[in-house]
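Chemist: Okay, here's the structure, questions in a sec.
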Amino acid sequence: MSDFDVDLFVIGAGSGGVRAARIAASYGARVMVAEEYRVGGTCVIRGCVPKKLMVYAGRFADEFEEAAGFGWTLPEMRFDWNTLMANLHKEVDRLEGIYRTNLEKAGVEVVDSRAVIVDPHTVRILKTGQEIRARYILVAVGAHPVMTPAIPGGELGITSNEVFHLKELPRRIIVVGAGYIAVEFAGIFAGLGSEVTLVHRGDKLLRGFDEDVRDALAEAYRGRGITLALERTIHRLDKRPDGIAATLNDGTVLMADQVLVATGRRPNTADLGLEQVGVSLDEVGAIIVDGYSQTVIPSIYAVGDVTNRANLTPVAIREGHAFADTVFGDKPTMVDHELIPTAVFSTPEIGVIGCSEAAARARCGEVDIYKTSFRPMKATVSGSAERVLMKLVVEKATDKVVGVHIMAHDAGEMIQLAGIAVTMGATKADFDRTIAVHPTAAEELVTMRTPFVVKKPVAVG
């Protein structure tokens, strides 16, 4: 008779936890999952999926406007926020049902309750008080948005959680931050017709991205009518009859109907019992794990955003799968966090894999830069001011492509495929001998032949 009720107890039914549970069950493990909110986690319920649906909604205005250049005459546009929200939540509900069904089909028992760790092999289900003995415990509880730094009137702001439950489209919205979430929602609301101001303490958007991409996005956003209040912060928020007054640190007062704060996220590790059993946390509360996602307590593992390694849904899924392969499949697997293709669903969209130019110069020494900027074919007829940016960063000594940076329509789709080549170690010569698909924007990735040379200023004397 086993000393354990289950082989694996997963706390959190988000992307990483669900994948780990299903794969472990496929290896014959007895698996139980506890979820205190909704199955599917941040990505499905209040993140990537509903946000991408809103991105699509925000881009239709461009499509309608550009259609005129191709001979289409359309009636006056009218957008209905309630229709979008109803259909968005209908799709989220459908996906949650699929996630739950897939767990049940795999033989995983789902418990709708918060669960906390009692000891290295025991979990308590708070709804019932029942204690479950598990051979292994996997923590996959994700992270939550935080409104930092705290300011007077901060409670008047909302986060990316609440934005999906607004009763109406804000006529004026201030977005605070400059990361993925901030720039994506700024683009969404601008596309839907809101007056958007993005406030950021830094001098550029998307810290850590290539400088050319950062500059190009700022130019594109200004062109779309988004006001960029850079190198400024919000000092306080006050409720007024005509909206929310946001006082900036330079004394400027901006009026808005909503203030969306997207300044960061923190792991959901509070009150889980982690410290009491000896699991180590870092300064932001993330669980410290090794390359196999194992904590200092051998029976306790953690995957996804709660570890604060690479906070992206596909990474959490890969970590969950690798955990199950390692622990239950007798296939020790580590996840490579070095090369991760990623997309920012701004409008225009951004796709990136590998090093920025600055990072490559610091890591590789000499590099060759290939880049181009042009109007896409569609824009030449539609009259759109849209531009495409493509950039390859190549390590000179090896000819390896160490960075690909794209800002264009469907950049996310392009970078997924380019990511395969870069992950395989493709060289610039490999790109060059790939036949172009014409006419496409993506053909520029394989037709750039001359390295970009920075022109030095001419001395005047």
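What follows draws every value from the coordinates through simple rules; no lab data is involved. These numbers come from a predicted model, not from an experiment. Reconstructed Cβ throughout: ideal geometry from the backbone, glycine too, with neighbour counts over all protein chains shown.
Chemist: If the only charges are +1 at each Lys and Arg Cβ and -1 at each Asp and Glu Cβ, what is the size of the charge dipole of the chain around the Cα centre, to the nearest 20 debye?
Modeler: Values: 50 positive and 59 negative charges, 91 e Å.
Around 440 debye, computed over the chain.
Chemist: May I ask you to sort 407, 255 by Cβ crowding, counting other Cβ atoms within 10 Å and putting the fewest first? All intermediate terms of the calculation are to be shown ahead of the outcome.
Modeler: On the way: 407 27, 255 14.
The fewest-first ordering by Cβ neighbours comes to 255, 407.
Chemist: For the stretch 349-404 and the stretch 45-77, compute the distance between their C-alpha centroids and round to whole Å.
Modeler: Distance between centres, Cα-based: 27 Å.
Chemist: Cα centroid distance between the stretch 284-300 and the stretch 1-15, in Å?
Modeler: 17
Chemist: Ranked by Cβ crowding within 10 angstrom, fewest neighbours first, how are 169, 274 ordered?
Modeler: 169, 274
Chemist: Pull up all non-local amide H partners of residue 138: gap of 5 or more, or a different chain, and H-to-H distance under 5 Å with H placed in the peptide plane.
Modeler: 9, 10, 11, 301
Chemist: Could you give the radius of gyration (one decimal) and Dmax (whole number) of the Cα atoms in the chain, in Å?
Modeler: Calculated on Cα positions, Rg and Dmax stand at 24.1, 91 Å.
Chemist: Further question on the same structure: Among the listed pairs 52/378; 51/105; 371/396; 127/331, which are separated by more than 25 Å between their Cα atoms? Present the calculation step by step, with values, prior to reporting the outcome.
Modeler: On the way: 52/378 23 Å; 51/105 28 Å; 371/396 15 Å; 127/331 36 Å.
51/105; 127/331, as the Cα separations exceed 25 Å there.
Chemist: So, one more: So what J values fall out for the stretch 146-151 if you push phi through Karplus, 6.51 cos²θ - 1.76 cosθ + 1.60 with θ = phi - 60°, rounded to Hz, Gly and Pro as x?
Modeler: Listing the rounded values in order: 10, 9, 10, x, 5, 9 Hz.
Chemist: Report, in whole Å, the centroid distance computed from the Cα atoms of the stretch 312-337 and the stretch 237-263.
Modeler: The distance from the Cα centre of the stretch 312-337 to that of the stretch 237-263 comes to 43 Å.
Chemist: Using helices alone, what [θ] at 222 nm do you get for the chain, with -39,500 (n - 2.57) per DSSP H run of 4 or more residues, divided over all residues and rounded to the nearest 500?
Modeler: -9500 deg cm²/dmol
Chemist: Shifting gears a bit: Of 27, 82, 120, which is farthest towards the positive pole of the stretch 22-143's charge dipole, taken about the Cα centre with +1 and -1 on the beta-carbons of Lys, Arg and Asp, Glu respectively?
Modeler: Positive-end residue among those listed: 120.
Chemist: If you take every residue apart from residue 423 with its C-beta less than 14 Å away from the C-beta of residue 423, what net charge results, scoring Lys and Arg +1 and Asp and Glu -1?
Modeler: For residues surrounding residue 423, the net value is -1.
Chemist: Next question, about the same structure. Tell me, 204, 167, 105 in order of fewest to most beta-carbon neighbours within 10 Å?
Modeler: Sorted ascending by nearby Cβ count, the order is 167, 105, 204.
Chemist: So, counting K/R as plus one and D/E as minus one, what does the shell of residues with Cβ under 9 Å around residue 365 add up to?
Modeler: Overall, the nearby charge balance is +1.
Chemist: Taking the alpha-carbon set of the stretch 154-263, what are its Rg and Dmax in Å?
Modeler: 13.1, 42
Chemist: Scan around residue 233 for amide H atoms under 5 Å from its own, H built in the peptide plane at 1.01 Å from N, and keep only partners 5 or more places away or cross-chain.
Modeler: Those lying under 5 Å, H to H, from residue 233 are 249, 250.
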